[in-house]
């Protein structure tokens, strides 16, 4: 049994959440965490749970234009420099059966602001045949470039722990 956390991150906030999720998962199953530019093609085929996450830009997954805008605003080097989660998900094979997935995003908490990269990613994974084992989860930043809101790292670690327990229990292992 194995899990893989794949993420896109511009300013490091989504990376930090991905790492925390992987720490929670790793209590139960071997877990890899990989930035989207470094994911090996086909690596998702060998895992029991794929967890995919990215920042919310323009109410959903990033586009090349929104990534470029973010890079221009950055006061530090951006993390993900190539194609993003949108493009990576588009390249996954269709017709996958019985593969588990979960999605997360980072975003600013603004009352009434629609959109979530995690919800869009979840729809794309379902269309490819993945079974979502959890509702899409959002983790919050205090501003466009961050930092993460207080308590979000621990909440991400707990969410990963919950995903790991459920995966382990579904397969019937201790």
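Rule-based calculations on the coordinates, nothing more; no lab input. All values reported here derive from a predicted model rather than from experimental measurement. Positions of Cβ are backbone-derived with ideal geometry, glycine not excepted, and every protein chain shown enters the neighbour counts.
Given a Förster distance of 35 Å, report the FRET efficiency between residue 81 and residue 59 from their Cβ-Cβ distance, rounded to the nearest 0.05.
Details: r = 23 Å, r/R0 = 0.65.
Result of the calculation: an efficiency of 0.95.
Compare 138, 43, 22 in a GNM of the chain, Cα atoms joined below 10 Å, and give the one with the largest fluctuation.
43
Counting alpha carbon pairs within less than 8 Å and at least 6 residues apart, what relative contact order, in whole percent, applies to the chain? Please report the intermediate quantities before stating the final value.
Details: 360 pairs, mean separation 52.5, N = 174.
So the answer I get is 30 percent.
Among 67, 111, 157, which one moves the most in a GNM of the chain with springs linking Cα atoms closer than 10 Å?
Comparing 67, 111, 157 in a Gaussian network model of the chain, the most mobile one is 111.
Using packing as a proxy for protection, rank 56-65, 159-168 so that the peptide with the highest average count of other Cβ atoms within 10 Å comes first. Don't skip to the answer; put the middle values down first.
Details: 56-65: 17.8, 159-168: 20.3.
Ranking, from highest mean packing down: 159-168, 56-65.
Gaussian network model of the chain, Cα springs within a sub-10 Å range: biggest mean-square fluctuation belongs to which of 121, 135, 52?
135
Distance from a point 7 Å along Cα→Cβ of residue 32 to each backbone N in segment 48-62: keep the residues under 18 Å and list them by number.
48-53
Based on the Kirkwood radius over alpha-carbon pairs, what is the Stokes-Einstein translational diffusion coefficient of segment 70-148 at 10 °C with 1.306 mPa s viscosity, in µm²/s? Don't skip to the end; give the middle numbers.
Working: Rh = 14.2 Å.
It comes out at roughly 112 µm²/s.
Taking the chain as the reference, fit the longest principal axis to its C-alpha atoms, fit the long axis of helix 13-25 to the helix C-alpha atoms, and give the angle between the two in degrees, 0 to 90, nearest 10.
Compared with the principal axis, the helix lies near 20 degrees.
Restricting to the chain, compute how many DSSP beta bridges are antiparallel as a %, nearest 5. Don't skip to the end; give the middle numbers.
On the way: 2 of 26 bridges.
Around 10 percent of the beta bridges assigned by DSSP in the chain are antiparallel ones.
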